[in-house]
Amino acid sequence: MSVDEKTVRRIAHLARIAVTDEEVGPLGAELNTILAFVEQLGMVDVSGVEPMTSVLPMAMKKREDAVTDGGRADAVVANAPETEDNYFLVPKVVE
Amino acid sequence: MNAPVDPKKLIKGGLHDWEVVIGMEIHAQVTSKAKLFSGASTAFGGEPNDHVSLVDAAMPGMLPVINQECVAQAVRTGLGLKAKINLRSVFDRKNYFYPDLPQGYQISQYKDPIVGEGEVLVDMLDGTSFTVGIERLHLEQDAGKSLHDQDPTRSFVDLNRSGVALMEIVSRPDLRSSEEAKAYVTKLRTILRYLGTCDGDMEKGSLRADVNVSVRRPGEPLGTRCEIKNVNSIRFIGQAIETEARRQIAILEDGGKIDQETRLFDPGKGETRSMRSKEEAHDYRYFPDPDLLPLEFDQAFVDSLAEGLPELPDAKKARFVKDFGLSPYDAGVLVAERASADYYEAVAKGRDGKAAANWVINELFGRLNKEGLGIEETPVSADQLGTIVDLIGEGVISGKIAKDLFEIVWAEGGDPRAVVEARGMKQVTDTGAIEAAVDDIIAKNPDKVAQAKEKPTLLGWFVGQTMKATGGKANPAAVNALLKAKLGIE
Amino acid sequence: MDAPPAHRDLRRVSSPNELTLADARDALKAKTLSARELTQAHLDAMAKARSLNAYLLETPERALAMADKADSKIAAGEARPLEGIPLGIKDLFCTDGVETTAGSKILKGFEPHYESAVSANLWRDGAVMLGKLNLDEFAMGSSNETSAFGNVISPWRRKGSEAPLVPGGSSGGSAAAVAARLCLGATATDTGGSIRQPAAFTGTVGIKPTYGRCSRWGTVAFASSLDQAGPIARTVRDCAILLTSMSGPDPRDTTCADLAVPDFETSVGRGVKGLTIGIPKEYRVDGMPAEIQKLWDEGAAWLKAAGATIKEISLPHTSYALPAYYIVAPAEASSNLARYDGVRYGLRVPGKDIAGMYENTRAAGFGREVKRRIMIGTYVLSAGYYDAYYVRAQKIRTLIKRDFEAAYADGVDAILTPATPSAAFGIGEKANADPVEMYLNDVFTVTVNMAGLPGIAVPAGFDSQGLPLGLQLIGRPFDEETLFAAAQVIEDSAGRTVLPAAWWA
Ligand SMILES: [Mg+2]
Ligand SMILES: [Zn+2]
């Protein structure tokens, strides 16, 4: 499988990364190099093999249903580029 | 699969009759104190970003830890839907960018949900019932809220809801009319409220529906569907379906084609419209969330939750029919809310179940509806209403007086027995007093007495006059017997 | 009052920052050295070593305040395990009120209101924070050349050359600072080799513990199922001391094991008598330099001489680990890095609408290697490719893990391999190489992450140009103790690496 320029642009948009026209070509070439490298995985017989979901067997820890957090809106928005009244502000979203 | 099509459910188009096919995805907010993966509060409202932990705000390095009560609530719900509980399920990430989705992905369950196939029995007003298949139920995070009308160029983002646990309950496309769809949501809401797993408060967004609508000519394969997102009242669900079905029919009868898309119902304009912004380049890139291990529990955990389940509406209804001799309709009305059913049972205990049902449904519910009150707010307790039913049964008061008594207790409270005593509301069974009144009426109305011999229905008029003369307190049976004898009516 | 007798190790070194962590600890305890003196010596060394660019941020006030507190604790007889020990913190660990950048422009200026679990554990035990260490951007790299804030220069140079060398990556700042005696030890993280490879390049010791040994809470995520924190220090013992403090259960990280942490230091001198060490034949890769093969053979001989049985083993899926890694790690990263969107923290670059803001912010905020990996990750997860790439890679991971399980079931206690396929290279030397060539640096280390196992890199010799080379030991899950025991044998046999004189100062 190899990616063309259209695919590079589609993937970049999906990943929300702006790419210039000059970047598309080299980026595509790099992606193709990596994809060619991983192509060898196709040789492995994986029939009947479970994909790994957790690297070591353990039971998932759970929390009690208790309110232990919140009440710190100041800290939540402290690093935000733009805020008002503890809301995060973003360019207007048209629905 | 192809059940015969009920012609009553078909929609008449300009050219043909059409069958509407509906499936629903209900998002039900899990009743819990804290969020699905953080310790922040789920309380409704709050100052902006106040019910937000660093996890909910997706600060770098923050990790989700699952709330075990949310897991238990999902299992309880699954049990209530008679569904398969999956002892192993997996949380996946659904990746997309949106300002109220701080992580850039929603943690959801895609391939392996916690609950598999189940069913909901839905009763219609006409007494018929049908089954809706449940495809799955999965746990997922709610998103935050964007406010778009605070500023001309900015949207305001509040993450208070971000990370609140939702159960997405997906039905099969088993619904064939807006009435059925509304009845299904109503019933599902009832079950959730019985279970205590979702408060069902649609005004606060605790229950929202994505409605999938398609139309077809009867007997034909399924048509292309449109998904109407986030409909937040049962009435709007009905309207949205009607509107959307007619839109699709109009297109098809014009020779057009339905585009599969996401639409929004605008109740103000009474139309659905395309949400193109959400349509663009959907590729959610689901994969198992590597921050979370698979969710596993044993059958013993499920069994212990099953033991703690309350009696559910279907079982309760069947019991009311069997034990109290109620009609299925009345039993259905009573079990619609757990609190109503409990109230009824308290009234019916040790009394005539039918009489109790009449009083609860006709008098109490009627009055509560008129005042816009819920059963929890009733000024007449089950004890008080039970005493009123007793007083009728004992012949102390007549049914008519009982209605006055109910009004007094509603407005002023008090022990109904004492009220009857204090206000002299007991019915008169003393035949002497009744006889005097009867004699007086006969004496004053010789013409009517003469007619009564030919026209026995005039008896009713005499009864009415007698009751009036006795202030309604005369025992109706005694009045009847006396009048018949004196008027010579067989 | 007479001055206290100088501690024996202080006589051997010119300045307290040249001490090993264990010796410094003992000197502090013996009160032959104060935490303030020790910290000040490091701050002075750091000030003279800025050309190495190992620290992104120095925190001298905080360091001295922590040192003073340590001195009062020691005076009160309340010394904790790391009381007064000055450490550097890789800038991937969030530090409360101290800028944390992950080596990326997109997080420039970000000040967390929380402390990572690992660093908090160190402060709990009395350690002193000197500053934040440089790294490859979001820990993606093997040479520290992807940092948005400049390369780290290795303290090592080839014999007779002044060409600047890479310290390895992604924990390049950590390894360089430890090797240059700019801290007694450092925190690091390892997703595909990012502790062990830079340790090997700089003649230091680095251990990636078992996945789940250290909490990931508060550490900026790269690839969640592979990331694991660990220490880099100048001796095996120092690593053992640090790991004991860094690791431990954490209810905030679901993937962190609820296992009690042994005192790893006690296993350091335990030896390898009676242990079986596996030599995996698949690591004898084509074109392996003779000096690497020689080093490996030597390592096996040392372990054998110390009483271990050496056994050739087979890990048949080894060669698939690296390609599978370059699917799994970018896939997870593409999702983990979606939160850097200019809304809640970090860089924001305006755009014509919200999508434009996202795209411009991420285009300007992420460097080339990070973008490349996000793109690959997005591609392999996208509709139609998920099964062919991601699911297949995760299946291969299962096979890789099974290979190890089979070896361990067969009586192998630990596995010996080279740590890297070569010694450190020059800065910019691989600038024109294709990305895969750079990725090959991790060929020996990445299998360990894929299987979640512990691995330690320990210096074992030098290449012909005088650059350090390391060996790697791979252990059973949660058996870091055997690794410390075996690594100590290698350290003893090879002789502690003499670190370069401070040419930079
Ligand atoms: Mg949906
Ligand atoms: Zn959903």
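What number comes out for the charge environment of C:T309, summing +1 per Lys or Arg and -1 per Asp or Glu over other residues with Cβ under 14 Å away?
Once all neighbours under 14 Å are counted, the net charge is 0.
In whole angstrom, and with the biggest value first, how far do the Cα coordinates of the protein assembly as shown range along each principal axis?
142, 82, 61
For the range B:187-327, just the Cα atoms, rotate onto the principal axes and tell me the three extents in Å, largest first.
Answer, in whole Å and largest first: 55, 53, 35 Å.
Whole number please: convex hull volume per residue of the Cα set in chain C, in Å³?
Considering the Cα atoms of chain C, their hull volume per residue is 144 Å³.
Keeping all protein chains in place and using 1.4 angstrom, which order do C:H42, B:H16, B:H27 fall into by accessible surface area, from largest down? Can you show the working numbers first?
On the way: C:H42 0, B:H16 60, B:H27 20 Å².
Reading off the accessible areas and sorting them downward yields B:H16, B:H27, C:H42.
Can you give the helix-only mean residue ellipticity at 222 nm for chain A, where every DSSP H stretch with n ≥ 4 adds -39500 (n - 2.57) and the sum goes over all residues, rounded to the nearest 500 deg cm²/dmol?
After summing the helix terms and dividing by residue count, I get -10500 deg cm²/dmol.
For the pairs C:K90/C:K208; B:K317/B:K400; B:K316/B:K349; B:K145/B:K204, note any where the Cα-Cα span goes beyond 18 Å.
Violating the 18 Å limit, Cα to Cα: B:K317/B:K400.
Run the dipole for the protein assembly as shown about the Cα centre, Lys and Arg Cβ at +1, Asp and Glu Cβ at -1, nothing else charged, and hand back the magnitude in debye, nearest 20.
So the magnitude is around 260 debye.
Given only helices, namely DSSP H runs of n ≥ 4 each adding -39500 (n - 2.57), what is the per-residue ellipticity at 222 nm of chain C, to the nearest 500 deg cm²/dmol?
Here the helix-only value at 222 nm equals -11000 deg cm²/dmol.
In square angstrom, rounded to the nearest 10, how much accessible surface does C:S493 have for a 1.4 Å probe?
50
Explain nothing, just compute: Karplus ³J(HN,Hα) = 6.51 cos²θ - 1.76 cosθ + 1.60, θ = phi - 60°, for every residue of the range C:332-345 in order, whole Hz, x for Gly and Pro.
5, 5, 4, 7, 4, 8, 5, 6, 8, 10, x, 9, 9, 6
At 1.4 Å probe size, with no ligands or nucleic acids counted, give the accessible surface of B:D142 in Å², nearest ten.
20
Could you pull out every residue, at least 5 positions away or on a different chain, whose amide H is within less than 5 Å of the one on C:G461? Hs are placed 1.01 Å off N in the peptide plane, and Pro or chain starts have none.
Correct list: C:L469.
With a Förster radius of 25 Å, plug the Cβ-Cβ distance of C:D434 and A:K6 into 1/(1 + (r/R0)^6) and report the FRET value to the nearest 0.05.
The pair C:D434/A:K6 has a calculated efficiency of 0.65.
FRET efficiency for C:E298 and C:S51, Cβ-Cβ distance as r, R0 = 30 Å, nearest 0.05?
0.30
As a quick test, which of the pairs C:K281/C:K304; B:K82/B:K187; B:K33/B:K111 have an alpha carbon distance above 20 angstrom in this structure?
Correct reply: B:K33/B:K111.
If you count only protein heavy atoms and use a 1.4 Å probe, how large is the accessible surface of B:D174, to the nearest 10 Å²?
Using a 1.4 Å probe on the heavy atoms, I get roughly 40 Å².
Which links in B:K229/C:K371; B:K35/C:K105; B:K444/B:K468; C:K48/C:K132; B:K370/B:K403 stretch past 26 Å when you go from one Cα to the other?
Going by Cα-Cα distance, B:K229/C:K371; B:K35/C:K105 fall outside the 26 Å limit.
If you fit an axis through the alpha-carbon atoms of helix B:68-80 and take the longest principal axis of the Cα set of chain B, what angle between them do you get, 0 to 90°, nearest 10?
Here the helix axis deviates by roughly 60 degrees.
Kindly provide the helix-only [θ] at 222 nm of chain B, computed as the sum of -39,500 (n - 2.57) over DSSP H runs of four or more divided by all residues, to the nearest 500 deg cm²/dmol? Working shown, then result.
Details: 17 runs with 186 residues, N = 490.
Computed ellipticity for chain B at 222 nm equals -11500 deg cm²/dmol.
Between C:L64 and C:D286, what length in nm is gained on full extension when 0.36 nm per residue of separation is reduced by their alpha carbon distance?
Value of the extension gain: 74.8 nm.
Can you tell me how much longer the chain between B:N362 and B:D342 gets when fully stretched, taken as 0.36 nm per residue apart minus their C-alpha distance, in nm with one decimal? Before the final figure, lay out each step's value.
Working: separation 20, 0.36 × 20 = 7.20 nm, distance 1.66 nm.
That pair, B:N362 and B:D342, stretches by 5.5 nm at full extension.
Let me know the mean shielding of B:150-156 by other chains, meaning the per-residue number of their Cβ atoms within 10 Å of its Cβ.
For peptide B:150-156, the averaged partner shielding equals 6.
For Cα pairs less than 8 Å apart in space and 6+ apart in sequence, what is the mean separation divided by the residue count of chain C, i.e. the relative contact order in percent?
17
What relative contact order, as a whole-number percentage, does chain B give when Cα pairs under 8 Å and 6 or more residues apart are counted?
Dividing the mean separation by the residue count of chain B yields 14 percent.
Nothing charged except the Cβ atoms of Lys and Arg (+1) and of Asp and Glu (-1): what's the magnitude of the dipole of chain B about its Cα centre? Round to the nearest 20 debye.
1180
Peptide B:98-106: average number of partner chain Cβ atoms within 10 Å per residue?
6
If you add up the charges near C:T482, with Lys and Arg at +1 and Asp and Glu at -1, over every other residue whose beta carbon is less than 11 angstrom from its beta carbon, what do you get?
Once positives and negatives cancel, what remains is -2.
Could you compute the net charge surrounding C:G461? Neighbours are other residues with a C-beta less than 14 Å from the C-beta of C:G461; K and R count +1, D and E count -1.
-4
Any chance you could check the Cα centroid distance between the range C:447-491 and the range C:12-45 for me, in angstrom?
27
Roughly how many Å is it from the Cα centre of the range C:126-153 to that of the range B:40-115, as a whole number?
Value for the Cα centre distance between the two parts: 34 Å.
Put a dot 7 Å past each Cα toward the Cβ at B:K145 and C:A388; how far apart are the dots in nm?
Using points 7 Å along Cα→Cβ, the separation is 4.5 nm.
Based on the alpha carbon coordinates of the range C:182-270, what radius of gyration and maximum Cα-Cα distance (Dmax) apply, in Å?
12.6, 35
Give me Rg/Rg_expected for chain B, where Rg uses Cα atoms only and Rg_expected = 2.2 N^0.38 Å with N residues.
1.29
About its Cα centre, what dipole magnitude does chain C give when the only charges are +1 on Lys and Arg Cβ and -1 on Asp and Glu Cβ, stated in debye to the nearest 20? Present the calculation step by step, with values, prior to reporting the outcome.
Working: 53 positive and 57 negative charges, 75 e Å.
In total the dipole reaches around 360 debye.
The values are calculated or read from the model by the stated rules, or taken from the named source; none is laboratory data. Predicted model, so just to flag it, every value in this text is computed and none were measured. Cβ sites come from the backbone with ideal geometry, for glycine too, and all protein chains shown count toward neighbours. Only protein heavy atoms, including side chains, enter the accessible area calculation; ligands, DNA and RNA are left aside. Shrake-Rupley method; radii C 1.70, N 1.55, O 1.52, S 1.80 Å.
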